[in-house]
Amino acid sequence: MTAQSTARVPVRSRYRTTLLALPARACTAALVLLVMTLRPGLPSSVAQEAMQERPQGVIFFIADGAGSATYTLARDLLREQEGPGTTLSMDADQKGSVITHAIDSRITDSASSATAYATGVKTYNGAIGMNPDRMPVGTLLEAAESNGWNTALISTARITHATPAAFSSHVPLRAQEEDIARQQLEQGIEIMLGGGRSFFFSPEEGGQRSDSMNVVAGSGYQLLYTRDELLRATQLPVLGLFSDGHMAYDVDRRHTEEPSLADMTSWALERLARAGRPFFIMIEAGRIDHAAHSRDVVAHLSDMLAYDDAYRAAAAFASTRKDILLLATSDHETGGLTLGGEWEGGGSGYRYNPVPISSSQSSIERFSSQYAEWAKTPESLRMDVMNALAADFGFTPGEADTYRMDRFLAINNLNGLRMWLEDLLRDGMAQRAAVHWSTSGHSAVNVPLFARGPGADAFSGALDNEEVGRILSVLMDADLAAETEKLRR
Ligand SMILES: [Zn+2]
C-alpha cells in the first residue's frame with residue numbers, strides 16, 4: 001500500500017461504511033444529503049433533483065483504457081473526414097471526470113476499477129466483486145435482478161474478463177475465469193454477448209476448462225456463435241460467444257462472423273425494450289485497452305471509433321424515451337498516449353495528424369497471426385511480409401529495411417524477424433501520426449465521464465470510481481448492502 005492511499009483510506013472507509021449501513025430504498029433523502037456533503041461543490045438544487053430521478057433503463061458504457069487523448073484522436077480523425085465541428089457521439093454529454101486509483105495502488109487495473117463501479121467499493125487490483133478484505137460485495141447487476149429488472153452484459157473482450165466479471169461474479173483474483181463463467185450463468189442475466197467461448201467448454205468441445213465441464217449445458221441459455229445467429233435470435237436468455245478468446249479488433253473484424261459493438265448494443269436494447277421491464281446493461285469496449293498495451297495506434301483508434309458508433313446507437317435508442325439513463329466512462333487510461341511530440345527527423349513537436357494511420361487495414365495482432373502462417377513456408381515469407389506491409393499498412397518499399405529483413409532470414413531467425421517487424425509497425429504507425437506511448441501499462445490520469453437522461457446531473461464534477469457506483473445505486477434503487485448480506489449468508 002502506498003503512503004498516499006494509507007492516508008486516504010480512513011476518510012473513504014468512513015463514507016463507505018456509512019453508506020453501506022443505509023438501506024438505499026428507505027433513505028433516499030439521507031443519501032442525497034450524504035452525497036451533497038461529500039461533494040460540496042455541486043449546486044444543491046441540481047444534485048437534489050438529479051438524485052431523485054428514477055430511470056427505468058440504465059445503460060452503462062465502459063471504454064476500457066480510453067483516456068482523453070483517445071477521444072481527441074478519434075474526434076480529430078472524424079473532423080478530417082466529415083468536416084470541422086464534427087463531434088463524437090458522447091461529446092455533448094460530458095459531465096466530469098473519474099479518479100480511478102485502486103485502494104492499494106495509484107494506478108488501477110480493470111478488475112479493481114470495474115468492481116468500484118459495480119459495487120460502490122474501492123478495492124485492490126485484481127479483485128472481482130470483492131472488498132479489500134477479500135469478502136464478496138453485492139453488485140448493481142445483482143441488485144437490479146433482485147428488483148425484477150432485466151440485465152445484460154456486452155464486451156468485445158472475453159465475457160469472463162475483468163470488467164463484465166466485476167458486475168456478475170465474486171472471486172479474489174481476476175484470472176479465475178472458469179469460476180467467473182460458472183457464476184455468471186447463475187445470475188439470471190438475460191443477455192450476455194462477447195468473446196471467451198473457451199472458458200465455458202471442455203477441451204473435447206473446443207474449450208479449455210480444466211474441470212472438463214460444459215457449464216452452459218442445462219443453464220437454459222440459447223447459444224449464439226455468429227452475427228447472423230444473433231440477428232435472427234428472438235428469445236431470451238441468450239449467451240453469444242463470438243470468439244474463443246477476445247473478439248477481433250474492429251479493424252480486423254470479419255463482418256459476417258463477429259457482430260460489431262454497435263450491432264450487439266442495438267440488438268440488446270431492442271430486446272430489452274421489447275421485454276417491457278426496467279433494465280440494466282453494461283457495455284464494454286474491452287479492446288481499446290489491449291491495443292494501448294500493444295502500443296498499436298491503428299487498433300486503438302479503430303476500437304474507439306467502434307465505441308463511438310455503439311454510443312450513438314444507444315443515444316438514438318434513449319432519445320425515443322424519457323426514462324433511460326446513459327452513462328459512459330473508462331475504468332482507467334492505458335498507454336499514456338500523447339498526441340504530438342518529436343520524432344527523429346520529424347521536425348517540431350507540433351506535428352500530429354491521425355489521418356495517415358486511418359487507411360491502415362490491419363492490427364499488429366492480425367499481422368502476427370498471419371506471420372505465424374506465412375512462417376510455415378519460409379521461401380515465400382519475405383514476399384508475404386512485403387505484400388502485407390504495403391497493402392495493410394501502406395509502407396512504401398523504402399520504408400521497410402529490407403537489408404535487416406534479409407539478415408534475419410539468412411540465419412533463419414524467424415521469431416526475431418517477427419518481433420522486429422512488430423516494432424517496426426508500432427513505431428512506424430505512431431511516427432506517421434506523431435503520437436507517443438509513454439507506458440505499455442495503465443496510467444493514473446483521470447478519465448472523462450459522460451451522462452444523459454434522468455439522474456445525469458448527479459455525475460458532475462471529479463468523482464472517485466466508487467462514488468459513480470454509489471450514485472448509480474441510489475438512482476437504480478439498488479440495495480447493495482442487502483445483496484452483500486445475501487452473498488455472505
Ligand atoms: Zn489493461
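Laid out as a table, the results:
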read-out	value
Answer residue from the range 58-87, given it is under 17 Å from the mean Cα position of the chain (by Cα) and away from the ligand (no atom under 16 Å from the Cβ) and is farthest from Ser319 (Cα to Cα) among those	Ser68
Matching option when the condition is in a strand (DSSP E or B) and either assigned by TED's automatic domain parsing to the domain that holds Leu77 or under 30 Å from Ser155 (Cβ atoms) (or both), among Ala328, Ala313, Ala372	Ala328
Qualifying residues in the range 285-296 (those that are in contact with a strand residue (DSSP E or B) (Cβ under 6 Å, 6 or more places away or on another chain) and among the hydrophobic types (A, V, I, L, M, F, W, C)) - the one nearest to the ligand (Cβ to nearest atom)	Ala292
Any hit, the range 239-257, residues being within 16 Å of the ligand (Cβ to nearest atom), of a type outside the set (Gly, Ala, Ser) and under 22 Å from Ala433 (Cβ atoms)	yes
Filtered residue count, the range 440-463, keeping only those that are assigned to a strand (DSSP E or B), more than 16 Å from the ligand (Cβ to nearest atom), surrounded by 19 or more Cβ atoms within 10 Å (Cβ to Cβ) and not hydrophobic (A, V, I, L, M, F, W, C)	2
Top-ranked residue in the range 375-399 [being not in a helix (DSSP H, G or I) and not hydrophobic (A, V, I, L, M, F, W, C); ranked as surrounded by the most Cβ atoms within 10 Å (Cβ to Cβ)]	Asp392
Scan of the range 132-174 for residues that are free of Cβ contacts under 8 Å to residues at least 40 places away in the same chain and surrounded by fewer than 24 Cβ atoms within 10 Å (Cβ to Cβ), ordered by number	Pro132, Asp133, Arg134
Some residue of the range 287-294 being open to solvent by 10 Å² or more (accessible area, probe 1.4 Å), outside any helix (DSSP H, G or I), out of contact with any helix residue (DSSP H, G or I) (no Cβ under 8 Å at 6 or more places or on another chain) and not β-branched (Val, Ile, Thr)	no
Matching residues, the range 41-72, being open to solvent by less than 10 Å² (accessible area, probe 1.4 Å) and modelled with pLDDT under 95	Ala47, Ala50, Met51
Odd one out for His101, checked against (1) more than 16 Å from the ligand (Cβ to nearest atom); (2) open to solvent by 20 Å² or more (accessible area, probe 1.4 Å); (3) of a type outside the set (Asp, Glu); (4) under 30 Å from Pro132 (Cβ atoms)	(1)
Test: residue in the range 337-345 that is within 16 Å of the ligand (Cβ to nearest atom), surrounded by 13 or more Cβ atoms within 10 Å (Cβ to Cβ) and either modelled with pLDDT of 95 or more or assigned by TED's automatic domain parsing to the domain that holds Ser113 (or both)	yes
Number of the exception - Tyr403 against (1) outside any loop (DSSP other than H, G, I, E, B); (2) surrounded by 15 or more Cβ atoms within 10 Å (Cβ to Cβ); (3) aromatic (Phe, Trp, Tyr)	(2)
Leading residue by the ranking (farthest from the chain's Cα centre (by Cα)) among those in the range 406-426 that are loosely packed, with under 14 Cβ neighbours inside 10 Å and acidic (Asp, Glu)	Asp406
Residue in the range 412-434 that is in contact (Cβ under 8 Å) with a residue 40 or more places away in the chain, more than 16 Å from the ligand (Cβ to nearest atom), within 30 Å of Gln48 (Cβ to Cβ) and not in a helix (DSSP H, G or I) present	no
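The values are calculated or read from the model by the stated rules, or taken from the named source; none is laboratory data. Computed from a predicted model, the values in this text were never measured in an experiment. Counting neighbours? That spans all protein chains shown, and the Cβs are built from the backbone with ideal geometry, glycine included. When the accessible area is computed, the model is the full protein with side chains, heavy atoms only, and any ligands, DNA or RNA have been set aside. Shrake-Rupley method; radii C 1.70, N 1.55, O 1.52, S 1.80 Å.
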